1. I'd like to know which of A:Leu107, A:Ile40, A:Gln30 lies farthest towards the positive end of the charge dipole of the range A:10-111, counting +1 on Cβ of Lys and Arg and -1 on Cβ of Asp and Glu.
2. Take the residue pairs B:Lys84/B:Lys151; A:Lys84/A:Lys263; B:Lys143/B:Lys270 and return only those whose Cα atoms are more than 20 Å apart.
3. Mean-square fluctuation check for chain A, GNM, Cα pairs under 10 Å: which of A:Ile381, A:Ile137, A:Ile156 is largest?
4. Hey, got the dipole for the range A:196-300? About the Cα centre, +1 on K and R Cβ, -1 on D and E Cβ, debye to the nearest 20?
5. Hey, with R₀ at 25 Å, roughly what FRET efficiency would B:His222 and A:Ser2 work out to, going by the Cβ-Cβ distance, to 0.05?
6. For the residue pair A:Thr52 and A:Ser183, what label-to-label distance in nm results when each label sits 7 Å from Cα along the Cα-to-beta-carbon direction?
7. Give the average, rounded to an integer, of partner chain Cβ atoms located within 10 angstrom of each Cβ in B:56-64.
8. Over chain A, what relative contact order in percent results from Cα pairs under 8 Å that are six or more residues apart?
Protein chains: 2
Amino acid sequence: MSYHYLLDIALILISTKLLGLLTSRIQLPQVVGALVAGLILGPACLGWLQATDFLTQVSELGVIVIMFTAGMGTDLKELRQTGKAGLLVALCGVLVPLGVGAGLMALFNQGEFSYPGDTLMQNIFMGTVLTATSVSITVETLKEMGRLSTKVGNTILAAALIDDILGLICLTLVTSLAGSGVSVGIVLLKILGFFLFAAVGGLLALKAFKWYEKRMGERDLHRFPILAFVLCLLMSYLAEELFGVADIIGAFVAGLVIANTTKAKYIESKFSPLSYLLLTPIFFASIGIKVTLPHMDAMILLFTVLFSVVAVLTKLVGCGLGAKLCGMPTRQCVQIGCGMVCRGEVALIVADKGMALNLLNPVFSGPIVIMIVLCTVLTPILLKLVFKGEKPYDTLEQSNLVDSIEMKEQYNIVSDRLLQAECSRMEQSKNKNKK
Amino acid sequence: MSYHYLLDIALILISTKLLGLLTSRIQLPQVVGALVAGLILGPACLGWLQATDFLTQVSELGVIVIMFTAGMGTDLKELRQTGKAGLLVALCGVLVPLGVGAGLMALFNQGEFSYPGDTLMQNIFMGTVLTATSVSITVETLKEMGRLSTKVGNTILAAALIDDILGLICLTLVTSLAGSGVSVGIVLLKILGFFLFAAVGGLLALKAFKWYEKRMGERDLHRFPILAFVLCLLMSYLAEELFGVADIIGAFVAGLVIANTTKAKYIESKFSPLSYLLLTPIFFASIGIKVTLPHMDAMILLFTVLFSVVAVLTKLVGCGLGAKLCGMPTRQCVQIGCGMVCRGEVALIVADKGMALNLLNPVFSGPIVIMIVLCTVLTPILLKLVFKGEKPYDTLEQSNLVDSIEMKEQYNIVSDRLLQAECSRMEQSKNKNKK
């Protein structure tokens with residue numbers, strides 16, 4: 001049955017797309033649908049799909065590509081210009097969930113849930129899962145309400161981008177410390193070494209890429225996405241091999257490098273079909289497949305409830321506090337807090353990494369998935385509540401970050417339309433030739 | 001070392017691209033470069049790459065996607081209009097190499113090269129490897145000489161497309177007969193069943209697809225490539241599961257179905273990055289990796305030489321004969337024969353399938369790869385010789401097949417330029433906003 005993987009991929013593609021369409025109809029992101037598809041097809045429910053070696057490896061590659069794309073979407077120059085508001089909100093919004101999440105885990109990480117390895121690291125790891133905000137659903141909701149181009153919208157965008165980076169730094173620290181078994185000093189030195197290497201290597205790669213870009217011009221454009229992918233793979237590999245840093249961090253850094261080339265959008269547009277035709281659906285589905293529902297006893301249900309409450313409250317309080325420290329009015333602080341509640345891909349990727357490194361007992365995969373779904377459902381509801389009574393467009397603000405996001409969406413739509421139009425035009429001229 | 005696959009992919013991407021660029025500079029197709037890259041990196045030479053499970057599985061998926069794309073590029077309606085010349089050339093050009101190739105193999109398939117299984121089937125299989133012409137290099141050469149839009153060029157194009165289909169039918173017969181161990185009658189019935197299923201299922205899928213296309217219009221275009229891929233995967237799976245027919249035949253048929261939708265070019269353009277960023281380089285490299293050079297003793301070298309001579313002569317004689325039967329002048333018959341000599345992807349895919357089904361002793365992978373490289377090198381040289389003295393453009397002929405090929409290339413270039421232009425325009429408007 002060596003061809004069985006064909007059916008697996010077909011099932012994953014059709015189910016994630018169908019459920020993604022369903023969830024997007026009820027205003028939820030397609031990620032939730034894809035997760036649920038995996039849950040339903042996996043051992044937790046129907047049992048049609050198993051976590052085969054092939055699916056696991058492809059989903060690992062999927063994670064690399066998702067993080068690479070996330071890096072390509074992050075414009076460091078513009079982040080620097082957004083000022084301290086975003087940084088403070090992100091910082092508090094990372095530290096509070098990290099601390100409280102680790103504390104909650106400490107209460108549960110014993111007895112029946114005890115897991116071989118360093119307990120302290122496992123607790124901190126659970127906190128790390130809570131750090132990264134997924135901003136896409138907030139952006140959608142704010143846009144719909146006409147509130148994206150405001151100070152609140154802009155701060156949320158900047159903070160969400162920064163807390164991705166902070167969350168990845170936490171992950172780097174935790175995974176490096178846990179995996180090595182050597183002293184903290186050496187691990188910190190290695191991490192420092194990685195960031196130095198990333199900075200120098202990234203700059204050199206950027207220079208080389210730009211030189212090559214200039215030399216090649218618009219000839220044979222295919223080679224640019226290939227070169228970018230090679231950079232991503234090499235950075236990921238070297239991060240693990242030389243510095244003991246998680247491969248996804250390397251991929252993210254490679255994405256940051258590519259974001260600064262003039263071909264960034266073109267390259268992103270070529271990675272998009274690679275993602276949505278194969279890698280991303282398999283990644284989300286295999287997260288769902290890995291969830292072990294049969295083990296969900298009373299204790300784990302209790303943990304799930306508490307963990308979800310902690311996930312919502314810590315972001316709300318943490319980010320609100322950060323905004324307060326910047327001197328924003330309380331109403332805006334609450335709005336920012338609610339906008340940062342949502343979790344998504346990065347939390348899943350972190351959890352996945354944790355299971356691979358034995359930092360996370362697979363029993364907890366269920367609670368994490370449920371927490372993410374709950375936060376996603378809650379975010380638009382909360383946002384609509386806290387913006388009630390305010391007129392849209394009364395505090396509009398010029399923002400490069402918002403422009404970037406809108407430009408990227410516009411680019412995707414425009415380029416797809418262009419392709420389709422070109423296609424129809426040729427079809428017609430062909431038919432005309434025949435007559 | 002679970003992250004080692006990252007380095008493997010990076011090595012494959014960069015080496016296939018570099019060697020592909022080198023070979024295309026000396027007028028050879030990039031396939032040859034990619035093969036040589038695999039040979040150099042694999043156990044036959046440097047030993048940096050091994051055929052891991054991951055690479056093997058991804059390359060299998062790569063074959064499915066290559067055949068699916070080949071199907072999408074085949075327009076059955078236009079093939080039917082090209083008349084009997086193409087069909088006769090293809091038919092003779094398939095039967096002669098099949099017979100002579102099998103005869104040659106019968107001489108060698110004994111003693112030290114004997115291989116468990118049905119010897120007759122193994123011999124016929126070796127003939128099957130020789131059936132499929134790769135037309136891309138001929139098209140390039142003829143275009144360069146301004147001879148593509150002639151009767152000769154048009155006949156070559158039609159014959160090459162038809163002999164792909166004939167070659168795949170041979171493969172279906174051989175693999176079904178060899179794998180099953182049941183009577184010839186049942187196998188033929190199953191193959192007939194598959195073609196019935198393919199025709200009915202294909203028509204139904206086409207109807208459903210067109211209905212959905214009309215209903216959806218230009219909204220959310222992503223779902224069309226996903227649906228097409230699901231069709232491809234299901235067809236491949238069902239071909240193997242229900243009818244014992246090779247999965248690549250199912251993928252090819254799915255491609256034929258998609259070729260008849262108005263979204264065909266759009267879908268093809270989305271599969272292109274999936275191919276060139278991941279699947280195709282891994283497929284070609286892993287063919288190179290599988291070649292076992294250390295076993296190349298005197299006998300196998302003799303076989304390689306004879307096999308290559310047979311490959312060139314049988315196509316030349318077979319296709320020339322077919323053209324002669326259509327009443328073409330001898331000069332044109334020789335030109336057509338030379339244009340059909342080249343072998344490529346499909347021969348490799350057939351050989352790969354044979355090794356997976358124990359129909360091909362891996363010892364013969366070396367000769368096959370060398371034969372392909374030799375035919376590829378010879379084709380442009382032969383073509384330039386046999387067209388010597390003729391003025392270009394003196395026998396131009398209107399041809400839909402030639403139009404299709406040129407239109408597809410133009411589409412790829414135009415759409416890439418459009419994307420890039422849109423990208424630069426947005427970059428500029430962004431910079432303007434900042435000022």
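Where a number appears in this text, it was derived from the coordinates with a stated rule and is not lab data. Computed from a predicted model, the values in this text were never measured in an experiment. Don't worry about glycine lacking a Cβ; one is built from the backbone with ideal geometry, like all the others, and counts go over all protein chains shown.
1. Of the listed residues, the answer is A:Gln30.
2. A:Lys84/A:Lys263; B:Lys143/B:Lys270
3. A:Ile381
4. So the dipole magnitude of the range A:196-300 works out to roughly 580 debye.
5. 0.25
6. Once both label points are built, they end up 4.9 nm from each other.
7. The mean count of partner-chain Cβ atoms within 10 Å per residue comes to 3.
8. 28 percent
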